[in-house]
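Remarks on the structure that follows.
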Amino acid sequence: MLAIVHQPDAGPGVFADAIRDAGAALDSWLLPRSPEPPSDPLGYDAVLTFGGAMHPDQVGEHPWLAREKAVLGELLDRGMPLLGVCLGSELVAEAAGAQARRGSPEIGWCQVESTAEAARDPLMAPLGASFEALEWHSFEVTLPPGAVALARSESCLQAYRVGTTAWGIQFHAEVTLADFEAWLDDFRSDPDAAGLDPDELRSATRATITGWNELGRELCARFLSVAR
């Protein structure tokens with residue numbers, strides 16, 4: 001299994017726990033620092049791509065984004081089990097023919113509503129009709145052609161499925177408390193986080209992260225079941 005990582009504090013997080021518990025091996029590709037992956041991405045059983053402070057339209061500042069979009073397009077064409085989170089979800093959506101665009105930033109805990117189709121989805125069904133999700137993003141995506149919308153917030157599409165084996169989720173089901181607090185420590189570097197109260201969000205997250213992390217592990221475990 002391959003994890004595409006865009007910055008060190010935005011990696012697999014608790015998804016790595018589920019992968020380890022399933023007895024699967026996980027390679028990590030920190031793409032901005034390593035132009036070449038550990039192995040051919042097409043040779044893995046499944047691929048996950050994660051978040052980052054960059055945006056999907058910043059190819060000029062981050063030329064490796066073009067490479068990743070091309071790789072994700074190949075994976076989609078092959079029917080590879082694929083899961084994108086936040087920036088990763090935006091890149092998967094673009095590779096599937098959707099548009100990623102600036103939206104209303106969501107930072108912190110947000111209410112998410114599942115669609116009727118989510119009740120039949122192998123990843124999203126156990127999350128129920130609604131849930132609170134941990135978010136940190138400024139972009140949103142349109143629904144890829146032929147894809148199924150699985151969840152929405154007041155602001156944007158939160159989850160979708162392309163075909164039967166590829167998903168994107170805008171919320172951070174993978175993030176550990178340590179990584180999220182590192183984002184909070186650096187919140188001033190994000191112009192979209194102006195006005196954020198980091199202490200309030202830190203306190204709220206510490207109170208709820210245990211259950212959120214369990215949800216994340218279970219979601220990843222269901223993805224692994226599809227991949228198997």
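Run through the DSSP bridge list for the chain and note the antiparallel percent, rounded to the nearest 5.
60 percent
Neighbouring Cβ atoms within 10 Å as the yardstick, rank E90, E135, E36 fewest first.
Lowest count first: E36, E135, E90.
Name the residue from A96, C156, V59 whose Cα lies farthest towards the positive end of the charge dipole of region 2-227, charges +1 on Cβ of Lys and Arg and -1 on Cβ of Asp and Glu.
Positive-end residue among those listed: A96.
So I have (i) 1, 6, 14, 18, 19, 16, 12, 7, 4, 1, 0, 0; (ii) 1, 6, 12, 14, 14, 12, 10, 9, 8, 6, 4, 2, 0; (iii) 1, 7, 16, 21, 22, 18, 11, 4, 1, and one of them is P(r) over Cα pairs in 5 Å bins from 0, in percent calculated from this model. Which one is it?
Here the calculated entry is (iii).
Each label point is 7 Å from the Cα along the Cα-to-Cβ direction; what then is the distance between the points at A24 and E154, in nm?
3.6 nm
Note down the relative contact order for the chain as a percent, whole number, built from C-alpha pairs under 8 angstrom at least six residues apart.
Across the chain, relative contact order equals 21 percent.
Under 5 Å between amide hydrogens, which residues at least 5 positions from L31 or on another chain qualify, with H placed 1.01 Å from N in the peptide plane?
Long-range HN contacts for L31: V5.
Roughly how many nanometres apart are two label points built 7 Å out from the Cα toward the Cβ at T142 and D40?
The answer from the label model is 3.5 nm.
Using a Gaussian network model on the chain with a 10 Å cutoff between Cα atoms, which of R188, R101, R152 fluctuates the most?
Among R188, R101, R152, the largest GNM mean-square fluctuation belongs to R188.
Residues with amide H under 5 Å of A159's amide H, sequence separation 5 or more or different chain, H placed in the peptide plane at 1.01 Å from N; which?
L150, A151, Q170
In the Gaussian network model of the chain, springs joining C-alpha atoms below 10 Å, which of L123, L201, L48 carries the largest mean-square fluctuation?
The residue that fluctuates most here is L201.
Values in this text are rule-based calculations from the coordinates and carry no lab data. On a predicted model such as this, the values are computed, not experimentally measured, just so you know. For neighbour counting, all protein chains shown are included, and Cβ atoms are generated from backbone atoms with ideal geometry for every residue, glycine included.
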